[in-house]
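Below: the structure, in structure tokens.
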Amino acid sequence: MASPELIRIVSRSSPMALAQVERVRAELAALRPEIRTEVVPVTTSGDRWMGDLARLGGKGAFTKEVDAALLAGEADLAVHCVKDVPADRPLPAGTVFAAFLRRDDIRDALVHPGGLTLDELPAGSRIGTSSVRRVAQLAISHPELQCVPMRGNANRRLAKLEAGEADALLLAASGLERIGEAGRITEILSVETMCPPIGAGVLALQCREDDDAVIETVSALGDPNTWREITAERMLLHVLQGHCNSPIAGYARAERDGRLSLRARVFTPDGKTVLDAHEWAGPLDPATLGTSVAVALLRQGARELIDGIPH
């Protein structure tokens, strides 16, 4: 099969999205230096809208325009943060994930201008975050802190912090690293304190499913362990039918000896109810592990909990 001479990569126009595309371009250039790449930027409705994401149809607000450019043939490859791609419905017809890149840090980070940690923050401190997952877990671990809604890309949130709209921020450690702002991190939170979102720290490469040449080229960038972890995590989310207002957290971990585990939690938004499941796959395939952990959570009442949250 002839290799493509040019791969056009569609991306949101935020600094974070463009940094992610640059990582893909660099990895592709190292692997296949003869292939040229160019960036096709789009602005999504999720980037333009500063209100409640659920009113725009949830996380798909960040992917719809990107999907459209791919399907219309205006681009050949899309780069997504897996955590932003809805799992309660399938990928758009005609598209497929060709690869998941090697996973970055999955943990959350605190950014406080004065260098304080979460435990050191005075009562009443305002934490900027719009994540129901973070709000629920902070309500459990630090009920004396106050969460204030904050949307926008990471650069915009950092600007809002400087403008005094919050006293501290919670952001993904990997995201801050990608935009060159890791120096602002005052504390990296353990996964025990702040269980990460499904798909944390992973970039997915999406192609048209009939574009065999591009799929074959970029699939070589994929990491097999990350593929196993994400397959388990996204199946969990699919079975739970979690939407963007669902406080669901979890992560799979592929051990060096090949064993795979999946830990997942479902919360009420106030953090008063926590459902928890943790299983090892043994010989099970990743999708079966994801299903099994989801079923364990459903047995504990996850369906009622998720359906009781408006979205």
Exercise. Which of the lysines could a cross-linker span from LYS64 if the Cα-Cα distance has to be under 27 Å and same-chain partners fewer than 8 positions apart are dropped?
Worked result: LYS83, LYS160
Exercise. Expressed as a whole number of Å, what is the distance separating the alpha-carbon centroids of segment 178-228 and segment 100-147?
Worked result: 21 Å
For this session: Just order 138-150, 80-92 by mean Cβ neighbour count inside 10 Å, highest at the front, would you?
Result: 80-92, 138-150
For this session: Report the relative contact order of segment 232-306, percent, no decimals, based on alpha-carbon pairs under 8 angstrom and at least 6 residues apart.
Result: 35 percent
Exercise. For segment 164-311, what size does the Cα cloud have along each of its three principal axes, sorted from largest down, in whole Å?
Worked result: 49, 43, 33
For this session: Enter the Cα centre distance for the pair segment 67-84 and segment 235-311, rounded to the nearest angstrom.
Result: 27 Å
Exercise. Scattering from the C-alpha atoms of segment 232-306 alone, worked out with Debye: what is log10 I(q)/I(0) at q = 0.14, 0.18, 0.20 1/Å?
Worked result: -0.39, -0.62, -0.75
Problem set entry | Nearest-20 debye value, the chain charge dipole, Cβ charges on Lys, Arg, Asp, Glu | 440 debye
Seminar exercise, completed: Candidate cut points under trypsin sites (Lys or Arg not before Pro) in segment 184-285, DSSP loop plus at most 14 other Cβ atoms within 10 Å of their own Cβ, are ARG256, ARG259, LYS272
Problem set entry | Dipole moment magnitude, nearest 20 debye, segment 232-306 about Cα centre, only Lys, Arg, Asp, Glu C-beta charged | 60 debye
Exercise. Which percent, to the nearest 5, of DSSP beta bridges fully inside the chain are antiparallel?
Worked result: 65 percent
For this session: Return the loop-located GluC sites (Glu not before Pro) in segment 244-311 (DSSP other than H, G, I, E, B) with at most 12 other Cβ atoms within 10 Å of their own Cβ; answer none if there are none.
Result: GLU255
Seminar exercise, completed: Long-range share for segment 108-188, i.e. C-alpha pairs more than 18 Å apart as a percent of all pairs, stands at 32 percent
Exercise. Does anyone have the angle between helix 286-299 and the longest principal axis of the chain? Alpha-carbon axes, 0 to 90°, nearest 10?
Worked result: 30 degrees
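Since every read-out is calculated from the coordinates, none of them should be taken as a lab result. Note that the coordinates shown come from a computational prediction; the quantities given were computed from them, not determined experimentally. When we count neighbours, we look across all protein chains shown, and the Cβ atoms used for this are built from the backbone with ideal geometry, even at glycine.
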